[in-house]
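Just so it is clear, none of the values below were taken in a lab; they were calculated from the coordinates. No experiment lies behind these values; they were computed from the predicted model shown. As a convention, Cβ positions derive from the backbone with ideal geometry for all residues, glycine included, and neighbour counts pool all protein chains shown.
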């Protein structure tokens with residue numbers, strides 16, 4: 001069984017394991033190839049496309065991506081979308097954070113998810129062209145509102 005922070009040597013490379021309690025799912029792992037300054041984000045990360053949040057948590061996914069990006073590695077490989085520098089992990093993190101933070105703020109003011117979606121839409125220009133945006137954006141807002149309400153208890 002893998003443990004958070006565990007290092008595994010394979011073929012002259014050191015692989016460091018990063019486990020999350022609950023991010024995209026409750027079984028997420030990110031793997032750093034230490035010598036190559038490379039991080040495989042798995043489904044915790046998506047770049048230039050929407051990621052599924054059906055079984056995930058916004059707070060957990062954001063925290064996992066914060067942890068990965070704090071390593072300041074050269075290359076990040078998301079589970080979906082092209083690889084790249086830190087932007088390959090940061091774009092989805094920024095999207096999730098924006099959706100969650102606005103959901104928290106407006107749900108505390110008593111707005112319904114469809115009203116929160118209307119407040120968020122003008123802020124989504126950088127993400128609107130991502131595949132499945134139209135299909136998933138409303139679901140993400142609703143999920144963020146539910147998570148924010150649960151966190152308030």
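Compared with the alpha-carbon gap, the fully stretched path from residue 14 to residue 153 is longer by 45.9 nm at 0.36 nm per residue.
For region 7-151, the antiparallel share of DSSP beta bridges with both residues in that region comes to about 70%. Rounded to the nearest 10 degrees, the inclination of helix 58-70 to the longest alpha-carbon principal axis of the chain is 40 degrees. For the pair region 32-74 and region 91-112, the centres of their Cα atoms are 19 angstrom apart. Using a simple spin-label model with pseudo-atoms 7 Å out from Cα toward Cβ, residue 72 and residue 128 lie 3.6 nm apart. For the chain, the longest principal axis of the alpha carbon atoms and the long axis of helix 133-151 meet at an angle near 90°.
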